[in-house]
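None of the figures in this text is laboratory data; all of them are computed from the coordinates on show. Note that the structure is a prediction, hence the values are computed from the model and not measured. For neighbour counting, all protein chains shown are included, and Cβ atoms are generated from backbone atoms with ideal geometry for every residue, glycine included.
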Amino acid sequence: MSGKTWRWIGLLIFLASVLMALRLIGPSVPRGIIMLTGPDGTTSRDDGLRYQEFLGRHGVTVHLEQTDGSVENLNRLIDAEEPTAAFLWGVRNTTGQQREIPEGIESLGTMYLQPMWVFARQGTNPESLRDLRGQRVEAGKEGSDSLMLAVFLLQEEGVGDEVEFTQDNPVTLDQVHDAIENERVGAFIAVGEPDSELIDTLLHSPELQVMSIQRADAFAIQYPFLQVVRYPEGGQDLRANIPDRDLQLLAARTQLLVSELFPPAIADLLLQAASEIHGQPTAFSDRGEFPNQESSPFPLKLAAENFYKNGPPKLQRFLPFRLAAWINRFLAAAAAIASAAVTIFKLVPALVGLPFRLGIRRGYDDLRKIEMSAATGTGQKTLLDELAKVDRSTASIKVPLRNLEIQWLELRQYLHDMRDRLDRG
């Protein structure tokens, strides 16, 4: 093929790269995502509402869907066919056993600590989780975070099979009040921030007393997803002095997970929301402690890694979210196009010049053979006939690029010099 043909091929490849990059830019950032949360009154539900409000300000609708907890969250995240985010504290099944780490799930980091609270009937004065042996315990629905943590810790204490978990789980606060007043259960186990409606209701109930978790430090050493937290005397209600003593609790590190194909631009927006929602000081964390990039055992999403390293995309400080996201994607595509273009325009001249270089090499090889024949005494007429053949073949070599012409002229000059030597015999 001629040099002109190769140039057209290079141009077509470049245009194809541009079209592919432009296709990668679109479609635009999705208008909405799904976020899986807990029931009304729980910390995850309250947080979901705050994420919904934050993303709504930037034109992204968050559809909140209630689940029973981390087990259902993970299962639905694995099967999600549209952008979905979910909170998760551990990879365990409904019986508290470790399950296999699924592929295709990425983490945006750890968002907050989810403390577990244990409430017993006033007057029973339990000192440890083992004292719940033989009790009827309300710890939430099957698959809920509170039940999973309760089952896990009670099993580790060796009394998991000796505790009866209720089946008629109260869902609303009125049902919780009814279960307390009618003494249908001997203990409550729940998870959540102290300002959630459920935990506040249980802490203020005169029929219940909240327990400290003995050996909490040992649990945290054995299981890194757990962390010891302390809640001070009077921390819930200073005047009523609730709780009436310092509490030692266990909290699970809760991550925000997304599917592998979750849009990076919305992942950035979720992390900005997380910084606003979870970055403030709480009873169990300092300002700026959350969110953080701890993601074990899940891989940290690349967008999250960039966020923790460089902060939010700079364009979003000055431009509307969707415009900034489009420009960022366009710049990324442009960088890819530029890289492809540099590679292509380096490769095309080499491809264009390849047939020429092969012809030049064959010409020199043929001349070298003639010189070797001359050295062995081959007759002059035979040598000149062979040289004429080489002359004809090299004269027809097409020079595709101007900067290669000097190589062709050098070969032709070498051939003519050899003819002169042979003519002088």
Search region 376-413 for residues being hydroxyl-bearing (Ser, Thr, Tyr) and surrounded by 10 or more Cβ atoms within 10 Å (Cβ to Cβ), and hand back the single one that is nearest to Leu347 (Cα to Cα).
Thr394
What number of residues within region 28-68 are farther than 22 Å from Glu81 by Cβ and not hydroxyl-bearing (Ser, Thr, Tyr)?
15
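Results for (1) in contact with a helix residue (DSSP H, G or I) (Cβ under 7 Å, 6 or more places away or on another chain); (2) in contact (Cβ under 8 Å) with a residue 60 or more places away in the chain; (3) among the aliphatic types (A, V, I, L, M), shown as yes or no for each residue.
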| site | (1), (2), (3) |
| --- | --- |
| Arg239 | no, no, no |
| Pro264 | yes, no, no |
| Asp268 | yes, no, no |
| Ile277 | yes, yes, yes |
| Gln280 | no, no, no |
| Phe284 | no, yes, no |
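Which one is nearest to the chain's Cα centre (by Cα), of the residues in region 49-90 that are small (Gly, Ala, Ser) and surrounded by fewer than 22 Cβ atoms within 10 Å (Cβ to Cβ)?
Applying the first criterion (small (Gly, Ala, Ser)) to region 49-90 yields 56, 59, 69-70, 80, 85-86, 90.
Pick out the ones that are also surrounded by fewer than 22 Cβ atoms within 10 Å (Cβ to Cβ) and you get 56, 59, 80.
Details: Gly56: 22, Gly59: 22, Ala80: 15 Å.
The qualifying residue nearest to the chain's Cα centre (by Cα) is Ala80.
Quick check on this structure: which one of Gly123, Gly134, Gly140 is part of a loop (DSSP other than H, G, I, E, B) and crowded, with 17+ Cβ neighbours inside 10 Å? Steps first, please.
Values: Gly123 fails: crowded, with 17+ Cβ neighbours inside 10 Å; Gly134 fails: crowded, with 17+ Cβ neighbours inside 10 Å.
Only one candidate passes the filter, namely Gly140.
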Could you tell me which numbered condition Ser373 fails, if it satisfies all but one of (1) within 30 Å of Ala350 (Cα to Cα); (2) surrounded by 10 or more Cβ atoms within 10 Å (Cβ to Cβ)?
(1)
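Could you tell me which of the residues Gly109, Gly104 is in contact with a Pro (Cβ under 6 Å, 6 or more places away or on another chain) and under 23 Å from Tyr308 (Cβ atoms)?
On the way: Gly104 fails: in contact with a Pro (Cβ under 6 Å, 6 or more places away or on another chain).
Of Gly109, Gly104, the one residue that is in contact with a Pro (Cβ under 6 Å, 6 or more places away or on another chain) and under 23 Å from Tyr308 (Cβ atoms) is Gly109.
I'd like the full set of residues that are part of a strand (DSSP E or B) and either under 17 Å from Leu129 (Cβ atoms) or not polar (S, T, N, Q) (or both), limited to region 234-255. Show your work before the answer.
In the first step, residues of region 234-255 are kept if they are part of a strand (DSSP E or B); the result is 237, 242, 247-255.
Selection gives Asp237, Ile242, Leu247, Gln248, Leu249, Leu250, Ala251, Ala252, Arg253.
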